[in-house]
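Here's the structure we're looking at; comments come further down.
Every number here is computed from the coordinates shown, using simple stated rules; none is lab data. Since the model is a prediction, treat every value here as computed from it, not as a measurement. Quick reminder, even Gly has a Cβ in these numbers, built from the backbone with ideal geometry, and neighbours come from all protein chains shown.
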Ligand SMILES: Cc1cc2nc3c(=O)[nH]c(=O)nc-3n(C[C@H](O)[C@H](O)[C@H](O)COP(=O)(O)OP(=O)(O)OC[C@H]3O[C@@H](n4cnc5c(N)ncnc54)[C@H](O)[C@@H]3O)c2cc1C
């Protein structure tokens with residue numbers, strides 16, 4: 001693949017970071033009670049709950065810099081869905097467990113609000129109604145089926161509008177009749193901000209946009225200021241090996257220093273070249289390394305005039321690209337808009353994804369943004385987005401890795417073979433709210449709260 005277009009990975013979120021903290025690396029061997037590995041949103045949210053809900057000493061090791069992983073290269077859309085349709089969760093785990101998982105993700109909205117208040121966070125968060133558009137009957141029926149099961153589980157179900165001129169309107173099964181309303185076609189196109197008349201239905205749900213990198217960096221700065229004697233962040237300090245014992249772990253950094261801790265929480269977005277030695281019994285390393293597969297997602301961004309409303313729209317049924325993917329839901333294009341810097345709006349487009357073959361390493365600085373992804377995105381935008389200009393000048397083009405577990409769900413909790421090791425990682429396409437949910441659950445585990453079984457428990461993540 002050639003890359004005439006985008007020689008660098010240029011993220012709008014990192015461009016807005018304006019970091020003020022000094023960088024501290026691990027320069028000697030130390031000890032703490034709880035060690036978090038990984039300084040993305042999952043790591044900092046985990047640190048937040050460990051600091052606010054326990055009295056223990058917490059350290060965080062980050063191989064690069066805080067918020068420069070997926071957290072600095074995403075679409076920044078807050079959504080409370082899964083990478084799988086709710087119906088498939090019901091089929092796989094049963095309605096009670098699927099319902100509880102959805103409630104847990106929904107609760108992350110409240111947790112985020114609480115964190116924002118407690119920490120006086122200034123990073124903008126725009127919350128609104130997000131839209132998903134459908135062109136095909138089969139996609140719409142699947143979506144209605146998901147909504148049907150959400151309702152069966154007693155969960156909140158928001159509206160769906162179907163165009164009055166939709167040719168298959170009369171074929172929609174009786175059991176879905178109270179889940180949608182009829183609207184003029186023009187209204188549907190207007191909500192989806194599209195000129196593509198193939199879109200025949202729109203569903204609505206709570207959504208939001210934020211700069212998760214800025215949020216994570218702000219949280220890091222404020223936690224360090226608030227807990228100077230209990231919290232340390234070491235950046236440019238990669239973990240090479242974790243040696244697990246019965247009630248403690250020794251963690252080795254690539255510079256040869258060690259950290260002794262009673263629990264280690266991996267918030268590494270999956271993998272990343274570290275070895276796990278389990279001194280108490282069976283091998284964990286092999287299962288850990290097959291736990292997460294990486295999928296690279298590509299994004300483009302361009303400026304629009306200031307004053308446009310923040311929004312998020314997913315376009316189902318629109319063609320994406322021939323890049324390989326392995327998620328259960330086929331890739332679709334999605335748009336977000338938000339105020340950006342003082343005098344602009346930023347429109348971001350995502351969709352194409354590429355599965356990293358096993359044992360291949362992704363390097364965000366040298367990985368090439370494929371020309372075919374750019375072409376597919378550009379032509380999608382021109383065909384679909386109502387306000388697209390004939391020539392769009394993209395200012396930002398970036399990519400990042402999403403880590404997927406075999407179950408397609410986030411993996412949260414203690415390892416089943418050695419609970420000294422814990423996880424809050426994986427399932428990354430919708431990782432912002434789920435990493436907050438996971439962070440709270442980790443603190444609940446540490447505090448020995450009685451937790452109901454969850455489909456996020458590691459034992460489920462390992463299975464398809
Ligand atoms: C293109 C794209 C679009 C996305 N869009 C959305 C979206 O719209 N909405 C949404 O909710 N989610 C989205 N996501 C997912 C979301 O960004 C992630 O779920 C979230 O940022 C993950 O945070 P994290 O902390 O788990 O991972 P990361 O931010 O990747 O952090 C993991 C950190 O661990 C560090 N690390 C790894 N190994 C080691 C080691 N051995 N030693 C020390 N440190 C280590 C890494 O350097 C990294 O900084 C998207 C992701 C991508 C790539």
Computed lengthening from residue 341 to residue 52, 0.36 nm per intervening residue step minus Cα-Cα distance: 100.9 nm
Peptides 102-113, 18-29 ordered by average Cβ neighbours within 10 Å, highest first: 102-113, 18-29
On Cα atoms only, tilt of 41-53 relative to the major axis of the chain in degrees: 60 degrees
Overall form of region 95-211 per C-alpha gyration tensor (a/c, 1.5; a/b vs b/c): oblate
Cα-based helix-to-principal-axis angle, 95-119 vs the chain, degrees rounded to 10: 70 degrees
Between region 114-128 and region 141-178, the alpha-carbon center distance in angstrom: 33 Å
Distance between modelled label sites at residue 128 and residue 273, nm, 7 Å Cα→Cβ extension: 4.1 nm
Helix-only mean residue ellipticity at 222 nm for the chain, each DSSP H run of n ≥ 4 adding -39500 (n - 2.57), per residue, nearest 500: -8500 deg cm²/dmol
Euclidean distance between Cα centres, region 414-448 to region 249-276, Å: 16 Å
Sites residue 141 and residue 224, calculated FRET efficiency, Cβ-Cβ separation with R0 45 Å, nearest 0.05: 0.35
Protection proxy ranking, peptides 58-65, 132-139, average beta carbon neighbours within 10 Å, highest first: 58-65, 132-139
Fraction of antiparallel bridges per DSSP, the chain only, in percent to nearest 5: 70 percent
Computed lengthening from residue 118 to residue 391, 0.36 nm per intervening residue step minus Cα-Cα distance: 93.8 nm
Region 1-146, relative contact order [Cα under 8 Å, separation at least 6], %: 18 percent
Three-way shape call for the chain based on the alpha-carbon gyration tensor, with the a/c threshold at 1.5: prolate
Tilt relative to the chain, helix 212-226 - C-alpha long axis, 0 to 90 degrees, to 10: 30 degrees
